[in-house]
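K.L.:
Take this structure first; my questions come after.
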Amino acid sequence: MSYCVFMHRTDSIYDDSPAEQYQFPKQYLARAQGSIGDWIVYLEPTKVQGTRGYFGIARVERIIPDPKAPGMYLALIQPGSYLEFVSPVSFSEANSPIERGLLNEHGKLSGRAQAAVRPISPSDFQSIIERGLDDRGAILPRNPDTDSPAGFEEDQPPLVSEQLRDRIQRLTSRVVRDRLFRKIVLRAYGERCAMTGLKLINGGGRAEVNAAHIRPVEANGPDLVTNGLALSGTVHWMFDRGLVSLGDDLAILISRHVNDVDRIRGFINASGFAFAPERGGDRPHPHFLRWHRENCFKN
């Protein structure tokens, strides 16, 4: 088993869904098989305009031939393992790649950087996730006797792998995941309720808006920004109970079971559509919206 990098772009031609599966051609099979049972980090290519760089991690459960596409394979992601970074990590810092293993013997970027699937050293992997989880100090307390200082070298002792595995395992905590999910969703929506546009900040400087899963965790909904909505308390309650939903075009749908439709229409966005995140890639995915309409919304 080994850590790997999987390249993924929002407009990918492949049948990818970071929290569910990653499609790749046979040429990468041997490399991808090394990741089975272990963790991978997702990277959006530098040639993508507005690239997020490294943007999340997930655990590969198994790899199967794609039943719909001959010659293609699917790395199936362990349900609930995907974790999006609070702070996406740039491919390079100070004109040098974060993945030190991509440098050749002359200190130049090697051709390995173009590989869509490639192994990554534990030290490089750790360096990336510590940058991506920028509030890790409050979630995973540092141990000055065992944790490595800022900056990671290729010749770190094998113990780094054990430390890293222990650190990642703590990320399975629902409390930790809910906290990180709230951060990425509220950031995507500018801390405003997607259906009302209200941005209320309490006396402590905390936004009075919730991060709602479109497809709930209990129904195998991932902690993915495209499976999230920033909603005020009342709207969140209504959304979870199927009294409101969204069309694929973000049209706000009101259930016929609502007993005061006029008042509801009075506080949602006057256009009848939810506010979309500024970044197109953060927009609610139709796959999750469809699930909510079919399994939760009281039409």
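The values are calculated or read from the model by the stated rules, or taken from the named source; none is laboratory data. Here the structure is a predicted model, which means the values were calculated and not measured. Don't worry about glycine lacking a Cβ; one is built from the backbone with ideal geometry, like all the others, and counts go over all protein chains shown.
K.L.:
Which residue out of 5, 41, 60 is hydrophobic (A, V, I, L, M, F, W, C) and touching a Lys or Arg at 6+ places or on another chain (Cβ under 9 Å)?
P.N.:
On the way: 41 fails: touching a Lys or Arg at 6+ places or on another chain (Cβ under 9 Å); 60 fails: touching a Lys or Arg at 6+ places or on another chain (Cβ under 9 Å).
Going through 5, 41, 60 in turn, the sole match is 5.
K.L.:
Go through region 1-102 and tell me which strands (runs of 3 or more DSSP E), entirely inside it, have 2 or more residues that are among the aromatic types (Phe, Trp, Tyr) and either under 21 Å from the mean Cα position of the chain (by Cα) or at pLDDT 90 or above (or both).
P.N.:
Values: elements: 4-7, 21-25, 39-43, 54-65, 72-77, 83-89.
So the answer is 21-25, 39-43, 54-65.
K.L.:
Just to be sure I understand, how many residues within region 271-291 are surrounded by 15 or more Cβ atoms within 10 Å (Cβ to Cβ) and closer than 21 Å to residue 197 by Cα?
P.N.:
Qualifying residue count, region 271-291: 11.
K.L.:
Tell me which of these residue 229 doesn't satisfy, since it passes every other one: (1) assigned to a loop (DSSP other than H, G, I, E, B); (2) surrounded by 24 or more Cβ atoms within 10 Å (Cβ to Cβ); (3) at pLDDT 95 or above.
P.N.:
Every condition holds for residue 229 apart from (1).
K.L.:
Among the residues of region 76-109, write down those that are touching a Ser or Thr at 6+ places or on another chain (Cβ under 9 Å), of a type in the set (D, E, K, R) and farther than 21 Å from residue 121 by Cβ.
P.N.:
Within region 76-109, none qualify.
K.L.:
Spot the failing condition for residue 215; the list is (1) charged (D, E, K, R); (2) in a helix (DSSP H, G or I); (3) at pLDDT 95 or above, and only one is missed.
P.N.:
(2)
K.L.:
Looking only at residues in region 182-211 that are within 26 Å of residue 254 (Cβ to Cβ) and either crowded, with 22+ Cβ neighbours inside 10 Å or in the same structural domain as residue 130 (by TED's automatic domain parsing) (or both), which one is modelled with the lowest pLDDT?
P.N.:
209
K.L.:
Okay, moving on. List every residue pair whose Cβ atoms sit under 9 Å apart, with the two residues 6 or more apart in sequence or on different chains, where the first one lies in region 246-270 and is in the same structural domain as residue 286 (by TED's automatic domain parsing) and the second, anywhere, is of a type in the set (Phe, Trp, Tyr) and assigned to a helix (DSSP H, G or I).
P.N.:
Taking only residues 6 or more apart or on different chains, the pairs are 246/239.
This table checks each residue for (1) hydroxyl-bearing (Ser, Thr, Tyr); (2) touching a residue at least 24 places away in the same chain (Cβ under 8 Å).
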residue	(1), (2)
56	no, yes
66	no, yes
82	yes, yes
86	no, yes
100	no, yes
104	no, no
112	no, no
120	no, yes
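One line per residue, one yes/no per condition, for (1) surrounded by fewer than 17 Cβ atoms within 10 Å (Cβ to Cβ); (2) of a type in the set (Val, Ile, Thr); (3) assigned by TED's automatic domain parsing to the domain that holds residue 35:
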| site | (1), (2), (3) |
| --- | --- |
| 85 | no, no, yes |
| 92 | yes, no, yes |
| 98 | no, yes, yes |
| 102 | no, no, yes |
| 124 | no, no, yes |
| 133 | no, no, yes |
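K.L.:
Looking at this structure, is residue 268 surrounded by 17 or more Cβ atoms within 10 Å (Cβ to Cβ), over 25 Å from the mean Cα position of the chain (by Cα) and at pLDDT below 95? Walk me through it before giving the result.
P.N.:
Details: surrounded by 17 or more Cβ atoms within 10 Å (Cβ to Cβ): yes; over 25 Å from the mean Cα position of the chain (by Cα): yes; at pLDDT below 95: yes.
So residue 268 passes the test.
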